Amino acid sequence: MYRSRQIAIGNLTLGGGAPIRVQSMTNTDTLDTRATVEQTLRLVEAGCEMVRITAPDVKAAENLAEIKSELQRRGCNVPLVADIHFNPRAAEVAATIVEKVRVNPGNYVDRNVGKHSFSDAEYDMELQRIGENMSRLIEICRKHDTAMRIGVNHGSLSERIVSRYGNTAEGMAQSAFEFAEVCRGQNYEKLVFSMKASNVKVMVDSTRRLVEKLQTAGMNYPIHLGVTEAGDAMQGRLKSAAGIGALLIDGIGDTIRVSLTEDPVEEIPVAYGILQAVGARVSQCEYIACPSCGRTQYDIQSTLQRIKARTQHLVGIKIGVMGCIVNGPGEMADADYGYVGSGRDVVTLYHKQEVRRRNVPQQEAVDALVELIKANGDWRDV
């Protein structure tokens, strides 16, 4: 279990036991204030808690002020994150406006274009140069209480890192760790770290390696999780769930983004679904349902859909829908309510592990389940 420190991102707490935060990124032109504001509002309405906006140049960075002002005028104070790549000046401008800036070491101040071999002395000199080049941004962030995410991407490691570690998970972790030391050496620790890769194994491995390095050095910065460029549809969702879910189960992760090649609003329910699936953050009703087999003597598939239609608004409730009593009661042991087949077209209803009604005709059983939930005080109107 990795216990991160808690930091503030605007009005939002992150890490240190705070809820795992869901974020996304706009895909509009940052200079199109109206389009960016509208998409941000749609993201927030869907449940997004931090919104990242690209700032590729100074002009775009300056326009973040207009975007933020319009959002506030419309009653939205969601923390904004400026996404920076090659332009240090854009980062410095953005850091005076938004609550957080994201920089990628491999293409921000650690590119080493054209150099493929570094002696120990040259390697150390490059680290010193990085610290000097980062000092102005660090000072601005400190002055404006702006957080910084150090986001290392598998596809953009510097030649300095690759020369020593290769294009590997270890290289990613080392790159991030060196930036942690640079920032700590300048007394700036309002940091978040992320290891991004489209390869799930690399993303998981590099994050675990970074966390180990941080813990060994007595550091505990919050961690952002995401499988970058995961794709769309089923593939994007499965890759994201595999990578993010594995680390959340390890106890690693303070904020997540599901990166889909779709409308970014579609990322939000997937993110909450992953958090719910691993028990990290409950935001919906959960169903424990068996796939059914020859022992099932009622239409479990249509029944599950009817139960979901009636109860899916009951946040935090677990309902078991099981085909028969062979595995049913045991497999739904942590369910709050159970609907278990007990004969041809009849079911038994449970509250916790206690039988409450036996041999209820299937055509009446969904209504009876709803009444049982109401009788125990767990019902909420839509």
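Throughout, read-outs are computed from the coordinates displayed, never taken from laboratory work. Bear in mind the structure is a predicted one, so any value in this text is a computation, not a measurement. Cβ coordinates were reconstructed from backbone atoms using ideal geometry, including for glycine residues, and neighbour counts include every protein chain displayed.
Relative to the longest principal axis of the Cα atoms of the chain, the long axis of helix 362-375 makes an angle of roughly 60 degrees.
Close amide H partners of Val192, meaning residues 5 or more places away or on another chain with modelled amide H under 5 Å apart, are Met148, Arg149, Ile150. Projecting the Cα atoms of Ala217, Met203, Gly166 onto the dipole axis of region 7-277, where Lys and Arg carry +1 and Asp and Glu carry -1 at the beta carbon, places Ala217 farthest toward the positive end.
Compute the Cα gyration tensor for region 164-226, then decide on rounded, prolate or oblate, letting a ≥ b ≥ c be the square roots of its eigenvalues: rounded whenever a/c is under 1.5, prolate when a/b is larger than b/c in the other cases, and oblate in all that remain.
Values: a/c = 2.04, a/b = 1.60, b/c = 1.28.
Taking the square roots of the gyration eigenvalues as a ≥ b ≥ c, region 164-226 is prolate.
Between Lys201 and Ser69, the contour length at 0.36 nm per residue exceeds the Cα-Cα span by 43.5 nm. DSSP assigns beta bridges within the chain; of those with both partners inside it, close to 30 percent run antiparallel. Applying both filters, DSSP loop and at most 16 other Cβ atoms within 10 Å, to the trypsin sites (Lys or Arg not before Pro) of region 70-105 gives Arg74.
For each pair in Lys213/Lys239; Lys308/Lys352; Lys190/Lys318; Lys100/Lys318, compute the distance between the two Cα atoms and list the pairs where it is over 27 Å.
Values: Lys213/Lys239 25 Å; Lys308/Lys352 18 Å; Lys190/Lys318 38 Å; Lys100/Lys318 37 Å.
The answer is Lys190/Lys318; Lys100/Lys318.
Computed over the chain, relative contact order equals 12 percent, with contacts defined as Cα pairs under 8 Å that lie 6+ residues apart. Is the C-alpha gyration tensor of region 286-375 telling us rounded, prolate or oblate? Criteria: a/c under 1.5 is rounded; beyond that, a/b larger than b/c is prolate, otherwise oblate. In terms of gyration-tensor shape, rounded. The C-alpha atoms of the chain define a longest principal axis, and helix 169-185 lies at about 60 degrees to it. Length gained on full extension, Ile288 to Ala309, computed as 0.36 nm times the residue gap minus the Cα-Cα distance: 6.1 nm.
Relative to the longest principal axis of the Cα atoms of the chain, the long axis of helix 267-277 makes an angle of roughly 60 degrees. Contact order, relative form, for region 286-375: 24 percent (alpha carbon pairs under 8 Å, 6 or more residues apart, mean separation divided by residue count). Taking 0.36 nm per residue of separation and subtracting the current Cα-Cα distance, fully stretching the chain between Arg281 and Arg34 would add 85.7 nm. Working from Cα pairs under 8 Å separated by at least six residues, relative contact order for region 1-50 is 28 percent.
If eta is 1.567 mPa s and T is 4 °C, what Stokes-Einstein diffusion coefficient results for the chain, Kirkwood Rh from Cα pairs, in µm²/s? Intermediate results must be reported in sequence, preceding the final value.
Values: Rh = 22.9 Å.
Stokes-Einstein gives a translational diffusion coefficient of 57 µm²/s.
Taking the chain as a Gaussian network of alpha-carbon nodes connected by springs under 10 Å, the highest mean-square fluctuation of the residues Cys324, Cys183, Cys141 belongs to Cys324.
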